[in-house]
Amino acid sequence: MDDELRERIEHEAEKHALLNAVKHGSAADVGAIVGPLMDENPDFREHGERVPEIVAPVVEQVNDLDSEGREKRLTAVAPNRLAELEAEAAADDEEASLPDLPNVETYEEVRMRLAPNPNGPWHLGNARMPAVIGTYKDRYGGWMLCRFDDTDPETKRPALAAYDAILDAIEYLGFEPDEVVRASDRLETYYEHARALIDRGGAYTCSCSGEEFSALKNAGEACPHRKKDAERTRAEFDAMVAGEFSGGELVLRIRTDIEHPNPALRDWVAFRVVDTPHPREAASEYRCWPLLDFQSGIDDHLFGISHVIRGIDLQDSAKRQRFLYEYFGWEYPEVVHWGHVQLDAYDVELSTSRIKTLIAEGELDGWDDPRAPTVASLRRRGIRGEAITEAMGGLGTSTSNVDLPMSAIYAENRELVDDTADRAFLVREGVEKVVMGGPAAGEPLIHPNHEKRGVREIPIEGAVLVEPDDVPPNGKRVWLKGYGPVRHTRDAFEFTGEGIDVVREEGVPVVHWVPADGNRPVLLRTMEGDVEGRAEPGFGERDPEEVVQFERIGFARVDTQDEERTVAYFAHP
């Protein structure tokens, strides 16, 4: 390969590395660059085996630049591309941003509600609800209710610890409800409205088995109990409330249209008897429980909710509830339906019951296990709630299912923490190399963009640890970051004393390192499993909760410190 071709490859590699880094707001990746590079330059393909080794040091140099430096350099090597990237990003933001709520002008106040089921702490899909509703509240200066829909003590049995965990998650995401209620405290209110509905001829008690009623419903035929008068229905409903029936013996149904084209809307169940006591002591004596469509429909009116945001799979709920509202003469709120959120990067599905099972089986350590797709997990990894909120808001309110790449959350978080996170070295599976000659210590910057913060003084004391992939072939050089250039010779590193130009002009790789003696053992907990490593001296003095950036690895949150080691949770590159 002649020098001219090599220079062309380096130039194109720098352009693609800068584009990759600026577009994604993160370090460039060699693997993501080589493909587009070859596509734009077909004559590079015959040298395919050598191209990656030429590209790698160029990528390293780009990754050593801060975000401002990358943009300046991209403007120099490809003047029009930065403007194009900014235009693309603006178009994406406009397309995905939250649209205005419908008919806001017809309401004195935008009043919205979060309606979590407290059957467990939140997975990441649940975070979309407060992220979007809270953002709308702020946009319109509105009011927000958190109503725990906990009227199912059996199938989706509430977990007592989940109430506070969910409120903590809402606060972590950046919001505070104006009022918090538990539906299980409001049974008497639901009974009162059920009795009023019965008196209006809108409900009847039914003792058909589920199979019997389903067969009649699907045939568009009324069950024999539909003819009951209000007096008998009222008496039987009061007996349900008094605990005189067992589960499955009697339900209260809403009279709708038994010949409605959608069988799911035909005479749906509003109340049932549940023999299992509610886990909350204040609600444990009740046995007659409303189903969600009744409970939620009543509460949305009583709390003056103007706009309801719910999943597209709950379209029938709005249609059922409209029958209630017609009986009472109420105006139904505005409804926005959205599709489900689907996440990449996780092997665990977004399901509270599934996560509970994996924890019970010991497959996950808990809700904050780094492998769990939960709000608690991201919080423990050092990812700020604001980053989740911004990424969720960027999905908009499309009725289609939407994919949320974790990289979107990571990009938002990187913007929030990069400027404040001190840098540190962490070496995994370290290879020890004696250092011959050179200074007694390295002095890498605490933060590359803030020289006034000073340096970290890292003593060499005779030998260093580097990662196996960073050991060059004999006779080749690497630059120990914050220390200087060394040549691998006689199974040791010999200090050469050359200037930084060897990195810029000759492509000498820049690597991180720690001293072989006096380093700090670290357990880094990641989505792929636990990783053992060694950090620079003094890392054991970092405060828990502090977020740092392990250079060339990524951001992490310090979790615990003891006499023997540091435990940190990996956030993202």
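Every read-out reported here was derived from the displayed coordinates using simple, explicitly stated rules and does not represent laboratory data. Note that the structure is predicted; figures quoted are calculated from it, not measured. Glycine gets a Cβ as well: all are built from the backbone with ideal geometry, and neighbour counts include every protein chain shown.
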Query raised in the report: Taking only C-alpha pairs under 8 Å that are 6+ residues apart, what is the relative contact order of region 466-573 in percent?
Result: 18 percent
Query raised in the report: Which Rg and Dmax, in Å, describe the Cα atoms of region 493-573?
Result: 15.2, 44
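For region 422-573, give the magnitude of the charge dipole about the Cα centre (Cβ charges: +1 Lys/Arg, -1 Asp/Glu; no others), in debye to the nearest 20.
Numbers: 19 positive and 30 negative charges, 83 e Å.
Here region 422-573 has a charge dipole of around 400 debye.
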Report task. Return a whole-number percent for the relative contact order of region 88-197, with Cα pairs under 8 Å and 6 or more residues apart as the contact set. Result -> 29 percent
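If we count other beta carbons within 10 Å of each Cβ, what is the order of 67, 296, fewest first?
Values: 67 16, 296 23.
Ranked by crowding around the Cβ, least crowded first: 67, 296.
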Report task. Would you mind calculating the gained length between residue 181 and residue 200 on full extension (0.36 nm times residue separation, minus the Cα-Cα distance), in nm to one decimal? Result -> 4.0 nm
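Whole-Å semi-axes of region 175-261's equivalent ellipsoid, largest first, each the root of 5 times a Cα gyration tensor eigenvalue? Can you show the working numbers first?
On the way: eigenvalues 145, 59, 38 Å².
Each semi-axis is √(5λ); the values are 27, 17, 14 Å.
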Report summary line: Reviewing (1) 161; (2) 194; (3) 180, the figure for volume of the Cα convex hull per residue in Å³ actually calculated from this model sits under (2)
**Report entry** the chain - mean residue ellipticity at 222 nm from DSSP helices (-39,500 (n - 2.57) per run, n ≥ 4, rounded to 500)
**Finding:** -10500 deg cm²/dmol
Query raised in the report: Sorted from fewest to most neighbouring beta carbons within 10 Å, what does the list 84, 541 look like?
Result: 541, 84
Query raised in the report: residue 214 versus residue 359, label points 7 Å from Cα toward the beta carbon: distance in nm?
Result: 3.2 nm
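If region 422-573 were replaced by its equivalent ellipsoid, with semi-axes equal to the square roots of 5 times the Cα gyration tensor eigenvalues, what would those be, largest first, whole Å? The partial results should precede the final answer.
Details: eigenvalues 134, 54, 42 Å².
Over the Cα atoms of region 422-573, the ellipsoid semi-axes are 26, 16, 15 Å.
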Query - Point-charge dipole on Cβ atoms (K/R +1, D/E -1) for the chain, about Cα centre, debye to 20 - result: 1500 debye
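Going by how many other Cβ atoms sit within 10 Å of their own, how do 225, 340 line up, fewest first? Walk me through the intermediate numbers first.
Details: 225 19, 340 13.
Least crowded to most crowded, the residues run 340, 225.
Lysine pairs in the chain 8 or more apart or on different chains: how many have alpha carbons under 16 angstrom apart? Walk me through the numbers before you get to the answer.
On the way: 15/23; 15/72; 23/72; 156/356; 217/227; 433/476; 433/481.
Taking the Cα cut-off of 16 Å, the pair count is 7.
What full-extension length gain, to one decimal in nm, is calculated for residue 434 and residue 81 as 0.36 nm per residue of separation minus the Cα-Cα distance?
Here the segment from residue 434 to residue 81 would lengthen by 122.6 nm.
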